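One structure is given here, and the rest of the page talks about it.
The values are calculated or read from the model by the stated rules, or taken from the named source; none is laboratory data. Please read these numbers as outputs of a predicted model, since none were measured by experiment. Ligands, DNA and RNA are excluded from the accessible area calculation, which covers all protein heavy atoms including side chains. Shrake-Rupley method; radii C 1.70, N 1.55, O 1.52, S 1.80 Å.
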Amino acid sequence: MIKNRVKELRTRMDLTQGTLAEQVGVTRQTIVALEKGSYTPSLLLAMNIAEVFELSIEEIFYKEDA
């Protein structure tokens, strides 16, 4: 399963879910699902999120060992 730090990083940057969604080209509902862990992003979305946070994909998304 893929985990992420999107909520932590988004709040640290004082971004709303809607603002982040606009910046990466998805709906706010997609960001909600991503933060809940019920949505695995495409590579393009992961890259866009990494650009916003100015981090590598691996610093945001990680594999949780089962």
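Tabulated data for the structure shown
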read-out: Protein accessible area in the chain, 1.4 Å probe - carbon and sulfur %; value: 51 percent
read-out: Dimensions (Å) - the chain, Cα atoms, principal axes, largest first; value: 33, 22, 21
read-out: 1.4 Å probe accessible area per residue over the chain, in Å²; value: 67 Å²
